[in-house]
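These notes are about the structure you will find just below.
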Amino acid sequence: MLQDYTPVLLHVIIAVGFATVAMIANIVLGRTGKRNPTKDSVYECGMVPEMAGQPRFSVKFYLVAMLFILFDIEIVFMYPWAVVYQDFIAESGTIILWSMLSFVLILLFGYVYAIKKGALDWSR
Amino acid sequence: MIDPVFLEVSVVVLGIFLLMAEAFGLAKEKSTLAWWAIGGLAAVFIGTFFIGPNSNSFEVSGFYVVDGLSLFFKRFVLISTILVLVMSVDYLPIVQRLVPAERPGAGSGEFFILPVFTCAGLMWMVSATDFIMIFCALELVTISFYIQVAYLRRSMSSLEAGTKYLILGALSTGFLVYGITWFFGATGQTNLVAIREVLPLIPVANHPAILFGLALVLVALGFKIAAVPFQFWVPDVYQGAPTPVTAYLAVASKAAGFLVLIRVLEPFFTVPSFQNKLFLALVLLALLTLVFGNLAAIPQTNFKRLLGYSSIAHAGYLLMGLAAIGDAFAGGAVVFYLSGYLLMTFLAFLILVPVTKASGGDDIAHFNGLARRSPGLALAMLIAAASLAGVPFTVGFFGKFFIFEAAMNQGLYLLVLAGIVTVASGFYYYFKVIRAMYWQPAPEDAGPVAITKTSSVAIFILAMLILILGVYPQLLIGMLP
Amino acid sequence: MSTQTAPWIILFSPLAAAVLIFLIGRFSKTLSAGLAILSAATGCFLSWWLFRQTEVAPQLSLEWLNFGPELTITIGITLDHLSKVMLLVVTTISTLVFIYSTGYMRDEEGYTRFFAGLSLFLFSMLGIVLADNFVMMFIFWELVGVSSYILIGHYYSKDSAADAGKQAFIVNRIGDFGFMLGILLLWSATGTVAFSGLLSAIPGFEGAPVYLTVACVLVFMGTVGKSAQMPLHVWLPNSMEGPTPVSSLLHAATMVAAGVYMLARIFPILEVVPDAREIIAWVGGITCFCAALMATQQNDIKRILAYSTISQLGYMVLGIGVAPTSSEAMFHLFTHACFKCLLFLAAGSVMIAMHHETDMWHMGGLRKKTPVTMICFIAGMLALSGCPFTSGYFSKDLIIEWAVLKIPFLGWLAAAAAGLTAFYIFREFFVVFFGKARSEHAEHAHEQPVSMLVPMLILAVPALFAGLPMIQEHFFTLSHPDAHAVPHLLHPFLYAMFFGGAGLAALLYFKAEKDPVSIPLFANRLYIDDVYFWFVNKIQGGGSIVLSWADRWVVDLVIVQVPSKLTWACGFALRFLQIGSIQAYAFFFGAGVVGLLYIMLSK
């Protein structure tokens, strides 16, 4: 049974072997060109950076973005709901509507909570 | 007569009401929210005794079942949540110190509200008979736990615990969903009842697919119940999380996890080819969990971390019961063990909170000389430790006894042997706490430990229950489904 | 009130009283004493009521532990004639002793603790009486041991009292060990521990008879310990360190009789194993004679009574061994409970009058100072010594008659012990109440309050008259041996023994200043205590040095230290898995998944 896995083993050996050989070759061959300050200078490596690489966003941005996604997905959820239960709504009436309304209601309470807690108040 | 679905609905409504009360500032003292929550949950608890027949009005019958087992666990979860809230009231000063707030006390209200939502999730979880329902309930529980674990935003260890729990939890959830898709692919069903009917008809060629899904689901639930090797989050998270949340994780989350595990595995035990594999996996998991949990607990010096390892060890005994599920008594033994585990774990945590407040830390060394500072608390802790270790005339003894008995009947001699050996090592590490309380001198300036009335009442009741059930276990056995 | 609920109320009201006293007793002495007396009196009233009921409803039994079909242990009640009579004895005497205690303990420390202990004892004792299976009886048997330990050690600050408590506990453990083995043997023979099941299973028992004999002898070990039979009798005299009401209730009337009661309970089993009964008879007979010998040379008023108790218990055990039913032994238990309790209460009254002096050679001439106490003492004394037509006369002579018929040697030995009984009790009586006052306290002695005298006077009535045929027939159905079969010499011999013993005591001790007789062998209790002491000191001491060496180097080092260090090291090593880095955790998690998949998918 184990023989079935021989190709896999070979594959692993080749992958590891190739990587090893390449890295060793790099070290051995790379020695020829030694580093010096000139070589490390900006001219050879690109532009001088003017500020920190990643600008910091305010944490409020993430908060608002998350709330946006939350309510956005709520809307997105309603489309397939309306399509899938089309026939069902026509048949047995309002019960499914109430289910969805209760779902929306729960999110509405969340929205009220977010407003009262000042989550959407950018100036704070 | 109450329609069963209203139990969870009313818990959610209670949670929303509390959230609004917090948002509009209805409660002057934040602890008022906790009392409202406790009152509301107590009302729901009473409601569980007036349950009518399962209603079909919401087309939920396929998703949701209310049988004796789920009803028992709903009460279990409600009691746990109430105890967590009682503990949280005691813990409030620490929360207020470690949560940044513009005004004093702001930002600590949700500490009492989140457990209510968790409670609703757990209640759904124990009733769920469909993978979709299990997944939704599990997510409600897990997400609210992420917040609770990381609640103390000024405490590095709490944040670290939150991060670890979030990332590993997400990982395990991924496995759960992936496992469910394999089930769905192989059987065309997500409903456990339907899967049970379909299983014997599955062609043998498709069995590996089912087993693959089963393994993945086992991984995800193994994470929930802290089975080795999916337990690595436990010590760090238990130590870092706020103490009431740790207790909640240790008891309610684990118990619900076990119940879901029983429900999910049950269909597969009916087909012999799955049964053998499952049996082997469970035995191995139980063995690893027993040995790891008990041995790694031995050198611990922090009490919360010790309880974390102890919770892994207890998961080992419970998995032993699960492996013996073929025995008629095994299911009852697991439920009995979990109930006893609730009593003794909450007792230990209820005592830990005031001791932490008075001594300034939760190492075992902070219990030094407790017998002279507060003999009553020390006695209660003695009872808790004795029960956790499984000393006769405590409920912990009978829990282990019934599990071992079931395992013996099923011929799991190796597991029983491992169980007995590890119980012996359990004695060692639980008695470290007793030694600290009774044989180590108290610090010079230490006075009696201050404790609220409610906590002391809860401690008294739990300690008495441990002893009463340790003498007369039939009392609880009679209530088991 | 039904006959179903009454036993439960009787059983649990003392426990409720004990808990209440423990919780709220510290607020008021009267309250704690009142609660204890109330619970005992309730039990007493209900016991008499139950005794009057001829129809008894089937008793409830709760399932306690279910170990599958082989062993189910219940908590249930046996209510037959035997337990009804025993209930009467226990609750009635307890009530009287509780009342007496309010007077006796009035100036003592630990008043509430004392009443909590008494109530706890009563609960445990009633548990033994009402138990419907061996396991329940054994649990209450041990509880009785615990409460006895608490009560003997009441003056725990006194070394001798604490030691006596320990001794009683340890000596009883020896007996209980055998008792437990016996229970297990009976269980393995019949598959049940319930008395009803045992009794129906034993006559049809098909194993080797020696198996049952061994089991019964082991069970009898429990009696040897609890009823202070030789060679485990040494704890009872030392337990006199406890307050006198305790000696009276536990160590004379009820607790020590539990062993006899237990034998009576399993009497139908004993009937089929004659060998075991013969052993029981010999132990009882020898104990009865030797203890009487020891009693003749004691100087402590309570110790004389203690040896007398051992001797009388010997009669009962002998009765179990030789009589055709258990009623004869129970009859003596019944009368003995009345008169011995009375004697102890009188002795306690003397002690209080003497400011806790117990050496009777420091007393003397108390007949004028404490006349009521003396009258009560006389009543108890006459009954004990078997004065014709008192209760002891009927019950003791019946046992002796049967013994003479069955095992003549033991019968005549027991008859001789009756003479010794008369001698030692009259000796105590004359020394304490006659002659001159031999100490300061004796001159200023005074009579005791009503709360102590009334219980004594009440007890004096049954002590004198309970044996009369028209009274005893309400309680027992006795079987008398054929009048012609009994040697004609026996009855004259017994009369001679009574009058001879009493007369000799009068002659020697009526106005004696100090003991005119000195027999070191008896005074030193046949040197049995010394042999034990020597054994414990030398043999066990020597053995313990060897064992302690073995313990330190073999057990501690090789068996305990090495594995414990090893486990600790394993635990320590496992801790390194818990390195705290989440990448590592995820890696282990993944490894676990792969492992689990391998298990599930491998062929």
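Read-outs throughout are calculated quantities, based only on the coordinates presented, and are distinct from any laboratory measurement. Predicted model only: the values in this text are computed from it and were never measured. We place every Cβ from the backbone using ideal geometry, glycine too, and count neighbours over all the protein chains shown.
Summarise the partner chain shielding of B:287-299 as one whole number: the mean count of Cβ atoms from other chains within 10 Å of each residue's Cβ.
4
Given R₀ = 41 Å, what would the calculated FRET efficiency be for A:Arg56 paired with A:Leu108, taking r from the Cβ atoms and rounding to 0.05?
Using R0 = 41 Å, I get an efficiency of 0.80.
For the stretch C:258-273, just list the computed ³J(HN,Hα) in residue order, Karplus coefficients 6.51, -1.76 and 1.60, θ = phi - 60°, integers in Hz, with x standing in for Gly and Pro.
So the J values, rounded to whole Hz, are 4, x, 5, 4, 4, 4, 5, 5, 9, 4, x, 6, 4, 4, 8, 10.
Restricting to DSSP loop positions (anything but H, G, I, E, B) with no more than 10 other Cβ atoms inside 10 Å of their own Cβ, which trypsin sites (Lys or Arg not before Pro) remain in the stretch C:417-480?
Here the trypsin sites (Lys or Arg not before Pro) that fit, given the DSSP loop and packing criteria, are C:Lys436.
Tilt of helix C:408-433 relative to the longest C-alpha principal axis of chain C, in degrees (0 to 90, nearest 10)?
Roughly 70 degrees, rounded to the nearest 10.
What's the local net charge at B:Ala226, with K and R +1, D and E -1, over the other residues with C-beta under 14 Å away?
Around B:Ala226, the surrounding residues sum to +3.
Tell me the Kirkwood radius of chain C: reciprocal of the mean inverse pair distance over distinct alpha-carbon atoms, in Å.
Answer for chain C: a Kirkwood hydrodynamic radius of 25.9 Å.
Can you give me the relative contact order of chain B as a percent, contacts being Cα pairs under 8 Å and 6 or more apart?
The normalised contact order for chain B reaches 14 percent.
Could you work out the mean count of beta carbons from other protein chains within 10 Å of each residue's beta carbon in B:5-17?
1
Give me, ordered by chain and number, the residues 5 or more places off B:Tyr64 or on other chains with an amide H under 5 Å from its own placed amide H.
Placed amide hydrogens put B:Thr129 under 5 Å from B:Tyr64.
Taking N as the number of residues in the stretch B:130-258, what is its alpha-carbon radius of gyration divided by 2.2 N^0.38 Å?
Rounded to two decimals, the normalised Rg is 1.18.
Defining a contact as two alpha carbons under 8 Å apart and six or more residues distant in sequence, what relative contact order in percent does the stretch B:1-270 show?
It comes to 20 percent, rounded to a whole number.
Mind checking which of C:Phe589, C:Pro7, C:His332 is farthest towards the positive end of chain C's charge dipole, using Cβ charges of +1 (Lys, Arg) and -1 (Asp, Glu) about the Cα centre?
It is C:Phe589.
Quick one: B:Cys136, C:Cys341, C:Cys376, fewest Cβ neighbours within 10 Å first, how do they rank?
B:Cys136, C:Cys376, C:Cys341
Please work out the FRET efficiency for the pair C:Ala16 and C:Trp534, using the Cβ-Cβ distance as r and a Förster radius of 35 Å; give the result to the nearest 0.05.
Rounded to the nearest 0.05, the efficiency is 0.15.
Taking chymotrypsin sites (Phe, Trp or Tyr not before Pro) as candidate sites, keep only those in a DSSP loop with at most 16 other Cβ atoms within 10 Å, then name the longest stretch of chain A containing none of them.
Longest site-free region, per DSSP loop and neighbour criteria: A:1-56.
Would you work out if chain A is rounded, prolate or oblate? Take a ≥ b ≥ c from the square roots of the eigenvalues of the alpha-carbon gyration tensor; rounded if a/c is under 1.5, else prolate when a/b is larger than b/c, oblate otherwise.
oblate
Quote the charge dipole size of chain A about the Cα centre in Debye, to the nearest 20; the model charges only the Cβ of Lys and Arg (+1) and of Asp and Glu (-1).
On the way: 9 positive and 9 negative charges, 177 e Å.
Using Cβ point charges on Lys, Arg, Asp and Glu, chain A gives about 840 debye.
Using DSSP to call loops (not H, G, I, E or B), can you name the GluC sites (Glu not before Pro) in the stretch A:50-96 whose Cβ has at most 10 other Cβ atoms within 10 angstrom?
A:Glu50
Between the helical axis of A:6-30 and the dominant principal axis of chain A, each derived from Cα atoms, what acute angle in degrees is found, rounded to the nearest 10?
Approximately 60 degrees, to the nearest ten.
Shape of the stretch B:34-173 from its Cα gyration tensor (a ≥ b ≥ c, root eigenvalues): rounded if a/c is under 1.5, otherwise prolate when a/b > b/c, or oblate?
Cα axes put the stretch B:34-173 in the oblate bin.
About its Cα centre, how strong a charge dipole does chain C have in debye, to the nearest 20, once Lys and Arg get +1 and Asp and Glu get -1 at the Cβ?
In debye, rounded to 20, chain C gives about 860.
Once you sort the root eigenvalues of the Cα gyration tensor of the stretch B:1-270 as a ≥ b ≥ c, which label holds: rounded (a/c under 1.5), prolate (a/b larger than b/c) or oblate (the other case)?
oblate
Relative contact order for chain C using alpha-carbon pairs under 8 Å, separation at least 6, rounded to a whole percent? Don't skip to the end; give the middle numbers.
Numbers: 958 pairs, mean separation 70.2, N = 603.
This gives 12 percent for chain C.
Please compute the net charge surrounding B:Pro4, taking Lys and Arg as +1 and Asp and Glu as -1 over other residues with Cβ under 11 Å from its Cβ.
Summing Lys/Arg as +1 and Asp/Glu as -1 gives -2.
Can you give the Kirkwood hydrodynamic radius of the stretch B:271-481 from its Cα pairs, in Å with one decimal?
Roughly 17.6 Å, rounded to one decimal.
Sort C:Trp282, B:Trp233 so the one with the fewest other Cβ atoms within 10 Å of its own Cβ comes first. Spell out each step's value before the answer.
Details: C:Trp282 17, B:Trp233 26.
Ranking C:Trp282, B:Trp233 by Cβ neighbours within 10 Å, fewest first, gives C:Trp282, B:Trp233.
Along the charge dipole of chain C, which of C:Ala36, C:Ala483, C:Ile93 sits closest to the positive end, that is, farthest toward it, with unit charges on the beta carbon of Lys, Arg, Asp and Glu (+1, +1, -1, -1)?
C:Ala36
Within the protein assembly as shown, what percent of beta bridges assigned by DSSP are antiparallel, to the nearest 5?
In the protein assembly as shown, approximately 90 percent of DSSP beta bridges are antiparallel ones.
Under a point-charge model restricted to the Cβ atoms of Lys and Arg (+1) and Asp and Glu (-1), what is the dipole moment magnitude of the stretch B:271-481 relative to its Cα centre, in debye to the nearest 20? Intermediate values should be presented prior to the final figure.
Details: 10 positive and 6 negative charges, 39 e Å.
Dipole of the stretch B:271-481, to the nearest 20 debye: 180 debye.
Which of B:Val86, B:Ser127, B:Val66 sits farthest toward the positive end of the charge dipole of the stretch B:34-166, with +1 on the Cβ of Lys and Arg and -1 on the Cβ of Asp and Glu?
The residue sitting farthest along the positive end of the dipole is B:Val86.
Amide H to amide H under 5 Å from B:Asp363: which residues, 5+ apart in sequence or cross-chain, H placed 1.01 Å off N in plane?
Residues meeting the criterion, in which the H sits 1.01 Å from N, are B:Phe303.
Over the protein assembly as shown, what per residue volume does the convex hull of the Cα atoms give, in whole Å³? Could you put the intermediate results ahead of the total?
Numbers: hull volume 311.6 nm³, N = 1208.
Convex hull of Cα atoms, per residue: 258 Å³.
What is the average number of partner chain Cβ atoms found within 10 Å of a Cβ in C:578-590?
5
For a Förster distance of 45 Å, can you work out the FRET efficiency between the beta-carbons of B:Leu26 and C:Thr30, rounded to the nearest 0.05? Mind showing how you got there, number by number?
On the way: r = 52 Å, r/R0 = 1.17.
That gives a FRET efficiency of 0.30.
Arrange the following residues from fewest to most other Cβ atoms within 10 Å of their Cβ: C:Thr390, C:Thr3, C:Thr223.
The order, fewest Cβ neighbours first, is C:Thr3, C:Thr390, C:Thr223.
Checking the table C:Lys158/C:Lys340; B:Lys74/B:Lys254; A:Lys60/B:Lys304; B:Lys28/B:Lys164 against a 23 Å threshold on Cα-Cα, which pairs fail?
In this structure, C:Lys158/C:Lys340; A:Lys60/B:Lys304; B:Lys28/B:Lys164 exceed 23 Å between Cα atoms.
Which value in deg cm²/dmol, rounded to the nearest 500, describes the helix-derived mean residue ellipticity at 222 nm for chain C, given -39,500 (n - 2.57) per DSSP H run of n ≥ 4 and division by the residue count?
Mean residue ellipticity, 222 nm, calculated: -22500 deg cm²/dmol.
Can you list, largest first and rounded to whole Å, the semi-axes you get for the stretch B:275-397 by taking the square root of 5 times each eigenvalue of its Cα gyration tensor?
Sorted largest first and rounded, they come to 31, 16, 10 Å.
Please work out the C-alpha center-to-center distance from the stretch B:437-465 to the stretch B:78-117 and express it in whole Å.
A separation of 21 Å, based on Cα centres.
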